[in-house]
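A quick write-up on the structure given underneath.
Any read-out appearing in this document is the output of simple, stated calculations on the displayed coordinates, not a laboratory observation. Because the structure is a prediction, the values reported are computed rather than measured. No Cβ is skipped: glycine too gets one built from the backbone with ideal geometry, and neighbour counts run over all protein chains shown.
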């Protein structure tokens, strides 16, 4: 039996989940994300964010979510720097009392899974660096992304799973265009 050889993983498809109550605010955030992470190649429809009232006191009650993906693939170890950058963007759009008006959760899609960057530690979230943890959100099995016992309820929805399967298809095309083996 041969000893395994360490190798860098394939680059991943960067996405961001944005939660807000105003389309105009989301549009401005998208412009800032474009500056930080390059061309956006997909913006989802609006998904109601009504599975929890976690953000209601801070951001209001009529919230919605949009997912965006970026054309350029990223090196997976960049997730902590990306999460810290999106946190700064959230702060920039906060009201003076410190309440956020937008929540931005970056993550990546690769062939095997979907991972979110988070600042919150938990049993299923290994520490990366710089105060950022990896949240394994979905795994690819039986030709589709599947939720795990800790997956957020809104990421369990059929339409969101279909969206991530579509993003995975786009990611495969990106890899092939770059001559990456799949």
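Quick notes
- Distance in nm between pseudo-label sites at residue 72 and residue 173 (7 Å out along the Cβ direction from Cα): 2.1
- Sorted by Cβ density within 10 Å, fewest first, the residues 181, 75, 170: 181, 75, 170
- Computed on the chain, the Cα convex hull volume stands at 141 Å³ per residue.
- Taking label points 7 Å from Cα along the Cα-to-Cβ direction, residue 28 and residue 1 give a separation of 5.8 nm.
- Sorting 123, 166 from the fewest to the most surrounding beta carbons within 10 angstrom yields 123, 166.
- Largest GNM mean-square fluctuation among 82, 95, 139, using the chain with Cα springs under 10 Å: 95.
- Between segment 117-182 and segment 44-63, the C-alpha centres lie 21 angstrom from each other.
- Structure-based [θ]222 nm, the chain - -39500 (n - 2.57) summed over DSSP H runs of at least 4, per residue, nearest 500: -9500 deg cm²/dmol
- The simple spin-label model puts a point 7 Å past each Cα toward its Cβ; for residue 99 and residue 121 those points are separated by 3.1 nm.
- Relative contact order, whole percent, for segment 22-67 stands at 36, derived from Cα pairs under 8 Å and 6 or more residues apart.
- Taking 0.36 nm per residue of sequence separation and removing the Cα-Cα distance, the residue 181/residue 150 pair yields an extension gain of 8.1 nm.
- Nearest-0.05 FRET efficiency for residue 52 and residue 159, computed from C-beta distance (R0 22 Å): 0.80
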